[in-house]
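J.: Quick one: the structure is below, questions incoming.
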Amino acid sequence: MEASPAKVIQYFNGEKQNLIPLFQRPYSWRKPNWQTLWDDMLVQYDTEDKSAHFMGTIVSVPAKSVPVGVSKHLIIDGQQRLTTVSILLAALRDTLDQKNSERIQEVYLINKHAADQEDVLKFVPTQANREEYKALILGGNVDSHRGPMSDAYEFFVSQLESSIDLNGEPVDVKKVLSTVESALQVVMINLGDDDDPYLIFESLNFKGAELTQADLVRNYILMRFRHSTSAGGEQERIYKKYWLPIETKLGGNLTEFLRHYAMKEGENIYQRGIYVATKSRLKSMSTAQAVESEVEQMTTFATMYSSILSPEQEADPNIRRRLKNLKELDVGTSYPLLLRLLEARHRGVLTTTDLEACLGLIESFVVRRAIAAVPTNALNKLFLQWARQFPTDNHASWLLTSMSSGAGGRRFPNDAEFGDAFKYQRQYGRGYTKWVLVKLEQSFEHKEQVNLAETTIEHIMPQTITDAWVQELGGTVANDVHARYLDTFGNLTLTGYNAELGNLPFAEKKAKLENSHIEMTRELLKEDRWTDSRIEDRASRLLTIARNLWTGPAPAAISNQGPVPQIVE
């Protein structure tokens, strides 16, 4: 490895080509970055001795290519700076006289005598920006490829045409070119054949946007394949066939997918450890074919992960409904296990019927624990344990047995505990409460479905007790009834009339609810009073529905759970 100070213009001088590897991110500098470079350059512009302005470090490695044409170098770090300088050179070209314009084009921007069209550009950005850059440098319809490079070009043209220097005079464009040629300096690091460019890249820490774990994973995967110095190379094939579809499908969820993908065998991976875990797995693969097979599998899992995030992509209506429920419940800890279940169906070892049963079990396990106020801190370990112990067959019965065997913080609440919590424990104010009420309402299968998303939770017995409600609840026992049942499911319903109902007496509330299309609310019209016994009766009716929707542990395990834990508010 050689490191030495150099003028940045050296990267554009001579018969050479600097390429941004495909694994690098697209051009990401914006106006604040361009403004900083321009301001720094103007300081040197107004300095008579033209002292150097240090721009950072550029790391490159010779590209393995056929021994003809111009020499090629891969830019491992520094692409944002080099890209911006080349765009500034293009702006200078288009604002100077013809002689200087031709000199910039033929000396700094293109290899004039290149025999191969692939070698014409002296600087080649990553594929995402290539067409836009070509249009700026070689001429073409920039608008059809418009992006941040075009914006940077227009910024610099505007500065060259309208800026004033530190003395209040219009900038001299020729002097700006001279400053760029003489005063912008970097540390040039050239790696040799024995150096590992990725280890260097991995260890560098510059001022640019921080690499995500997904960036690091992508970089490492593509570095396992031969560099692409022209279209159709091995890196480009792997990128387009596998990685690009994953990125397109998952977008901003890519990093979390890589974490859950790495966790599907049961290992707990923290967000900052995604790259390390993936690298460890891939490093043991000695051939490019083995790595490609892994990336192909990753693509398959990405499709399944996408259906977890967007259940509407799932073809089977029952599976789609279950995935939608789990997404709404926000059970991200279950995703490694979900991936294994969906992959088992993909391989044909798990039927759609059994997959639905497994998803239903996960939903029941989460909902029952939430209603019974079982702490959630054990869920991550539980789902990872089941992902690690994933069987080859009989998945539904295995999962039911596994869930039913837990005790304490790992328990699957039985009907007794679930029923007690459902009827007597405070539920209002928790994140899942409206979701549960919506599912209970949907179970009535009303033919004229209401948009339940626009409803709110209504306390039938109001949160603020009034004299009328003291009489309704039985006088002397009213405060005790209010305290015990206020926030329980028996006293909660859904309505679009929440603001109008307020603290109205029960009879007046019923009158306002006569036109309700919500079944659980319409049932209240049958009641002539609203007392503790009526609240318990309603809770029991809803509980019967809830037990059918969210079934409990295996019967054999119920007797082993011990006494129902006391509910502590």
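The values are calculated or read from the model by the stated rules, or taken from the named source; none is laboratory data. Because the structure is a prediction, the values reported are computed rather than measured. Backbone-built Cβ (ideal geometry, glycine too); neighbour counts: all protein chains shown. Ligands, DNA and RNA are stripped out before the accessible areas are found, and what is left, the full protein with its side chains, is counted by its heavy atoms. Shrake-Rupley method; radii C 1.70, N 1.55, O 1.52, S 1.80 Å.
J.: When the chain is fully extended, how far beyond the present Cα-Cα distance does Asp143 get from Thr300, taking 0.36 nm per residue of separation?
T.: Roughly 52.9 nm would be gained on extension.
J.: Once amide H atoms are placed 1.01 Å from N in the peptide plane, what residues at a sequence separation of 5 or more from Ile76, or on another chain, have their amide H within under 5 Å of its amide H?
T.: Hits under the 5 Å cutoff: Val59, Ser60, Val61.
J.: Compute the accessible area per residue over the chain, keeping the other protein chains in place, probe 1.4 Å, unit Å².
T.: Ligands and nucleic acids excluded, the figure is 46 Å² per residue.
J.: Now, a different point. Only bridges whose two residues both fall in the chain count here: according to DSSP, what percent of them are antiparallel, nearest 5?
T.: Around 55 percent of the beta bridges assigned by DSSP in the chain are antiparallel ones.
J.: Amide H of Ser71 versus every other amide H placed in the peptide plane: which residues, excluding those fewer than 5 positions away on the same chain, fall under 5 Å?
T.: So Ser71 has HN proximity to Gln17.
J.: Suppose a student asked you for the relative contact order of the range 392-521, using Cα pairs under 8 Å spaced at least 6 residues apart; what percent would you report?
T.: The normalised contact order for the range 392-521 reaches 29 percent.
J.: Just how far, in whole angstrom, is the range 255-316 from the range 367-416 if you go by their alpha carbon centroids?
T.: Distance between centres, Cα-based: 24 Å.
J.: Take the alpha carbon gyration tensor of the range 451-497, find the square roots of its eigenvalues, order them as a ≥ b ≥ c, and report rounded if a/c is under 1.5; if not, report prolate when a/b exceeds b/c, else oblate.
T.: prolate
J.: Given 0.36 nm per residue, what is the gain on full extension from Thr392 to Ser4 after removing their alpha carbon distance, in nm?
T.: Numbers: separation 388, 0.36 × 388 = 139.68 nm, distance 5.83 nm.
Computed gain between Thr392 and Ser4 is 133.8 nm.
J.: Assuming R0 = 41 Å, what is the FRET efficiency of Lys526 and Thr352, from their Cβ-Cβ distance, to the nearest 0.05?
T.: In this case the efficiency is close to 0.55.
J.: For the chain, give the magnitude of the charge dipole about the Cα centre (Cβ charges: +1 Lys/Arg, -1 Asp/Glu; no others), in debye to the nearest 20. Can you show the working numbers first?
T.: Details: 64 positive and 74 negative charges, 295 e Å.
My answer is approximately 1420 debye.
J.: Pairs of Cα atoms under 8 Å, at least six residues apart: use those to get the relative contact order of the chain, whole percent.
T.: Here the relative contact order equals 12 percent.
J.: Where nothing but the Cβ of Lys and Arg (+1) and of Asp and Glu (-1) is charged, how large is the charge dipole of the range 291-424 around its Cα centre, in debye to the nearest 20?
T.: 440
J.: Let's test the formula: R0 of 22 Å, r as the Cβ-Cβ distance of Asp467 and Asn515. What FRET efficiency results, to the nearest 0.05?
T.: For Asp467 and Asn515, the calculated efficiency is 0.20.
J.: Can I ask one more? Need one number: nm distance between label points at Arg321 and Ala453, each 7 Å from Cα along Cα→Cβ, rounded to one decimal.
T.: 1.9
J.: Nearest 500 deg cm²/dmol is fine: what mean residue ellipticity at 222 nm does the chain get from its DSSP H runs of n ≥ 4 alone, each adding -39,500 (n - 2.57), divided by its residue count?
T.: Estimated from H runs of four or more residues: -15000 deg cm²/dmol.
J.: May I ask for the angle, rounded to the nearest 10°, between helix 532-549 and the longest principal axis of the chain, with both axes built from Cα atoms and the value confined to 0 to 90°?
T.: 50
J.: I'd like the carbon and sulfur percentage of the solvent accessible area for the range 1-140, probe radius 1.4 Å, heavy atoms only, ligands and nucleic acids excluded.
T.: In the range 1-140, the share of accessible area belonging to carbon and sulfur is 51 percent.
J.: Whose amide H sits under 5 Å from the amide H of Thr495, counting only residues 5 or more places off or on another chain, with H placed in the peptide plane?
T.: Distant-sequence amide H within range of Thr495: Thr456, Glu458.
J.: What is the extension gain from Glu312 to Glu161, computed as 0.36 nm multiplied by their sequence separation minus the C-alpha to C-alpha distance, in nm to one decimal?
T.: So the extension gain works out to 49.1 nm.
J.: Out of the chymotrypsin sites (Phe, Trp or Tyr not before Pro) in the range 261-350, which ones are loop residues according to DSSP with at most 11 other C-beta atoms within 10 Å?
T.: For chymotrypsin sites (Phe, Trp or Tyr not before Pro) across the range 261-350 that sit outside H, G, I, E and B with at most 11 neighbouring Cβ atoms in 10 Å, the list reads Tyr270.
J.: While we're here: Using the Karplus curve 6.51 cos²θ - 1.76 cosθ + 1.60 with θ = phi - 60°, work out ³J(HN,Hα) for each residue of the range 491-499 in order, rounded to whole Hz, and write x for Gly and Pro.
T.: Working through the residues one at a time gives 9, 10, 8, 10, 7, x, 9, 3, 5 Hz.
J.: Exactly which trypsin sites (Lys or Arg not before Pro) in the range 384-476 are in a DSSP loop and have at most 13 other Cβ atoms within 10 Å?
T.: Qualifying residues, ordered by number: Lys447.
J.: Here's something else I'd like to know. Kirkwood Rh over alpha-carbon pairs of the chain, then Stokes-Einstein at 20 °C and 1.002 mPa s: what D in µm² s⁻¹, rounded to an integer?
T.: The estimated diffusion coefficient comes to 74 µm²/s.
J.: Under the Karplus relation 6.51 cos²θ - 1.76 cosθ + 1.60, θ = phi - 60°, what is the ordered set of whole-Hz ³J(HN,Hα) values for the range 139-147, x standing for Gly and Pro?
T.: Per residue, the Karplus-derived 3J(HN,Hα) values read x, x, 7, 5, 4, 6, 10, 4, x Hz.
J.: Same structure, new question: Which lysines does Lys423 reach when only Cα atoms under 22 Å apart count, and residues fewer than 8 places away in its own chain are ignored?
T.: Lys434, Lys439, Lys526
J.: Something else about it: Go through the range 256-268 residue by residue and turn each phi into a ³J(HN,Hα) via Karplus (6.51, -1.76, 1.60, θ = phi - 60°); whole Hz please, and just put x for glycine and proline.
T.: Here the 3J(HN,Hα) series is 5, 4, 4, 5, 5, 5, 5, 8, 5, 8, x, 8, 7 Hz.
J.: Still on this model: Return one number: the angle in degrees, 0 to 90 and rounded to the nearest 10, between the long axis of the Cα atoms of helix 274-283 and the longest principal axis of the Cα atoms of the chain.
T.: It is inclined by approximately 70 degrees.
J.: Output the 0 to 90 degree angle, nearest 10, between the alpha-carbon long axis of helix 31-45 and the longest principal axis computed from the alpha carbons of the chain.
T.: Rounded to the nearest ten degrees, it is 30.
J.: Rounded, prolate or oblate for the range 304-419? Axes are the square roots of the Cα gyration tensor eigenvalues, ordered a ≥ b ≥ c, and the cut-off for rounded is a/c under 1.5. Provide the component values of the computation, followed by the final result.
T.: Values: a/c = 1.77, a/b = 1.42, b/c = 1.25.
The shape class here is prolate.
J.: Further question on the same structure: Compute the Cα gyration tensor for the range 12-152, then decide on rounded, prolate or oblate, letting a ≥ b ≥ c be the square roots of its eigenvalues: rounded whenever a/c is under 1.5, prolate when a/b is larger than b/c in the other cases, and oblate in all that remain.
T.: Note, shape of the range 12-152 comes out rounded.
J.: Within the range 343-407, list the chymotrypsin sites (Phe, Trp or Tyr not before Pro) lying in a DSSP loop whose Cβ has at most 10 other Cβ atoms in a 10 Å radius.
T.: Passing both the DSSP loop test and the Cβ count: no residue.
J.: Below 29 Å, Cα to Cα, which lysines can Lys7 reach? Residues fewer than 8 away in the same chain don't count.
T.: Lys16, Lys31, Lys50, Lys64, Lys72, Lys99, Lys112, Lys122, Lys134, Lys174, Lys175, Lys207
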